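The structure appears below as structure tokens.
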Amino acid sequence: MRHSTLALVLATLTAAPAWAQPTAPSDRTIQCISSGGQLIPKSCDVADGRLPGRERMCTCPLGGVRVEVAVCAGGQIPPGESKALNVARRTGARDGTLVGDTVKGKPICATVGEQR
């Protein structure tokens with residue numbers, strides 16, 4: 001009986017990393033970018049509890065490339081939709097992240113509550 005209990009505990013501890021989902025850093029979010037640089041709606045599983053709005057896992061069910069984007073700092077406004085932004089997103093998304101990328105000298109960022 002002891003051996004089976006110990007085996008069960010060890011199996012649970014060993015399997016934990018396989019099913020645990022990493023949480024996204026609070027200073028980044030996910031966007032889905034089409035091949036032309038336009039935003040595509042994303043689908044995110046949001047954590048319950050004391051951290052409302054904290055995304056655990058995001059996918060792009062309608063296609064596109066899944067990229068990390070910096071969350072806009074307090075008082076910072078994301079760049080407006082434009083052809084220049086689409087071109088910047090399209091070229092910047094090639095490495096899987098838009099963190100640190102700019103358009104017309106302004107950093108590309110997203111608001112936390114952004115649903116697209």
Original post:
Based on what the data block shows, is Leu39 modelled with pLDDT of 90 or more and open to solvent by 90 Å² or more (accessible area, probe 1.4 Å)?
Top reply: no
**OP:** Identify the single condition in (1) assigned to a loop (DSSP other than H, G, I, E, B); (2) among the basic types (Lys, Arg); (3) modelled with pLDDT of 90 or more that Arg89 does not satisfy, given that it satisfies every other one.
**Re:** (1)
Original post:
Quick one: would you say Lys83 is over 18 Å from Lys42 (Cα atoms), surrounded by 12 or more Cβ atoms within 10 Å (Cβ to Cβ) and out of contact with any helix residue (DSSP H, G or I) (no Cβ under 9 Å at 6 or more places or on another chain)?
Top reply: no
Original post:
Among the candidates Pro61, Pro78, which residue alone is of a type outside the set (S, T, N, Q), at pLDDT 90 or above, under 14 Å from the mean Cα position of the chain (by Cα) and in a loop (DSSP other than H, G, I, E, B)?
Top reply: Pro61
Subject >> Filter result (free of Cβ contacts under 8 Å to residues at least 40 places away in the same chain and either among the β-branched types (Val, Ile, Thr) or exposed (fewer than 11 other Cβ atoms within 10 Å of the Cβ) (or both)) within segment 62-80 >> reply: Gly63, Val65, Val67, Ala73, Gly74, Gly75, Ile77, Gly80
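The values are calculated or read from the model by the stated rules, or taken from the named source; none is laboratory data. None of these values were measured; they are calculated from a predicted model. We place every Cβ from the backbone using ideal geometry, glycine too, and count neighbours over all the protein chains shown. With ligands, DNA and RNA removed, areas are computed over all heavy atoms of the protein, side chains included. Shrake-Rupley method; radii C 1.70, N 1.55, O 1.52, S 1.80 Å.
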